[in-house]
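Have a look at the structure below, then the notes.
The values are calculated or read from the model by the stated rules, or taken from the named source; none is laboratory data. Keep in mind it's a predicted model, so treat the numbers as computed, not measured. Neighbour counts are summed over all protein chains in view; Cβ atoms, including those assigned to glycine, are modelled from backbone coordinates with ideal geometry. What goes into the accessible areas is simple: the full protein's heavy atoms, side chains included, and nothing from ligands, DNA or RNA. Shrake-Rupley method; radii C 1.70, N 1.55, O 1.52, S 1.80 Å.
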Amino acid sequence: TVFILLVVCLINANAYTISNKGKKQIMLRESCSLTVYKDNTGYSIGYGHRLKKGENYKKISKTKAKQLFKEDIKSVEASVNRILKDIKFKPTQNFIDGLADLVYNCGEAGVKKSKFYKRLCRCRVKNGKVNQNDLNYTIATVKTMRLPSSKTGLKDGVAKRRYEIHKQMLS
C-alpha cells in the first residue's frame, strides 16, 4: 500500500488546480441564473452550466447552482491538465486560473482549436524558463479568442471577459 500511495502522489505531483480566487472570478464572470436560458450552444443554468442530455432543469436553487459549478470545475481542471501536459515550463497560478476561465467559457475543444493553443505549444523554453516574448505573444491572442459575432449582442461582454483573462494571465 505504501508503494501505491507513492505512485498516486507522483502521478498527481504535476496536477494543476484552479485556485479559490480563480473559481470566484469564473463565478463572477458567469453570473448566476437560477432559471434556464438559451445561449449560443444550447441551454444553460446556474453559473453557466450547460445542460446535458437528460438534465431538465427549469429552475434551481443557489445551492444547486453551486453544486453544478463544483462538478463543472472538476471537468475544467481535467481539461486544463490535458492542455498543459506537454508544455515544458511551469505556468503561474494566474495563468492556470485564466486558462480555466477560457476552458469554462469555450470548452476544451474550443481552446485546442485556437491560435492561443497553437502558440502555447510552440513557446520556446530554455532551462525550464519560457521565452517571455513567446508567452506574451501567445497570451495576446486571448483578447480576440472565439468572440461571437456582433449579431448575438454578446460580443462586448465576451470581449471584456477576454480582456480580463488576458490581464490575469499576464500577471
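How big is the charge dipole of the chain about its Cα centre, in debye rounded to the nearest 20, if each Lys and Arg gets +1 on its Cβ and each Asp and Glu gets -1 on its Cβ?
Values: 36 positive and 13 negative charges, 72 e Å.
Using Cβ point charges on Lys, Arg, Asp and Glu, the chain gives about 340 debye.
Going by a ≥ b ≥ c, the root eigenvalues of the Cα gyration tensor, does the chain fall in the rounded group (a/c under 1.5), the prolate group (a/b larger than b/c) or the oblate group? Judged from the Cα gyration tensor, the chain comes out oblate (a/c at least 1.5, b/c at or above a/b). Structure remark: mean-square fluctuation, Gaussian network model of the chain, C-alpha springs under 10 Å; the largest value among 26, 87, 139 belongs to 87. Hey, with R₀ at 22 Å, roughly what FRET efficiency would residue 63 and residue 33 work out to, going by the Cβ-Cβ distance, to 0.05? It comes to 0.90.
Name the shape class, rounded, prolate or oblate, that the alpha-carbon gyration tensor gives for region 54-129, where a ≥ b ≥ c are the square roots of its eigenvalues, rounded holds for a/c under 1.5, and otherwise prolate holds if a/b is larger than b/c and oblate otherwise. The partial results should precede the final answer.
Values: a/c = 3.51, a/b = 2.34, b/c = 1.50.
The shape class here is prolate.
Say the cut-off is 26 Å between C-alpha atoms; which of 24/74; 88/118; 85/126; 59/160; 62/112; 85/167 go over it? Write down the numbers at each step before the final one.
Working: 24/74 14 Å; 88/118 14 Å; 85/126 17 Å; 59/160 28 Å; 62/112 32 Å; 85/167 23 Å.
Table pairs above 26 Å Cα-Cα are 59/160; 62/112.
Computed over the chain with a Gaussian network model linking Cα atoms closer than 10 Å, the most mobile of 72, 156, 101 is 156.
Here the Gaussian network model covers the chain, with springs between Cα atoms less than 10 Å apart; of 46, 22, 110, 110 fluctuates the most.
How large is the accessible surface per residue of the chain, computed with a 1.4 Å probe and reported in Å² as a whole number? Don't skip to the answer; put the middle values down first.
Details: 10700 Å² over 171 residues.
Using a 1.4 Å probe on heavy atoms only, each residue of the chain averages 63 Å².
Carbon and sulfur together cover what percent of the accessible area of region 107-148 at a 1.4 Å probe radius? Present the calculation step by step, with values, prior to reporting the outcome.
Details: 1270 of 2630 Å².
Summing carbon and sulfur atoms, their accessible area is 48 percent of the total for region 107-148.
Candidate membrane-span-like segments in the chain, meaning DSSP H helices with Cα atoms spread over at least 20 Å of their own axis and a Kyte-Doolittle mean of -1.0 or above, are 62-84, 93-112, with no membrane implied.
The accessible surface of region 41-87, taken with every protein chain in place and a 1.4 Å probe, is 51 percent carbon and sulfur. Since only 81, 49, 135 are under comparison, the one whose Cα sits farthest along the positive direction of the charge dipole of the chain, derived from C-beta charges on Lys, Arg, Asp and Glu, is 135.
Under the rule of -39500 (n - 2.57) per DSSP H run of 4 or more residues, summed and divided by the residues of the chain, what mean residue ellipticity at 222 nm is obtained, to the nearest 500 deg cm²/dmol? Mean residue ellipticity, 222 nm, calculated: -18500 deg cm²/dmol. Cross-link partners of residue 58 among aspartates and glutamates, defined as those whose alpha carbon lies under 16 angstrom from its own and excluding same-chain residues fewer than eight positions apart: 39.
Partner aspartates and glutamates whose Cα lies under 17 Å from the Cα of residue 113, excluding those fewer than 8 positions away in the same chain, are identified as 86, 101.
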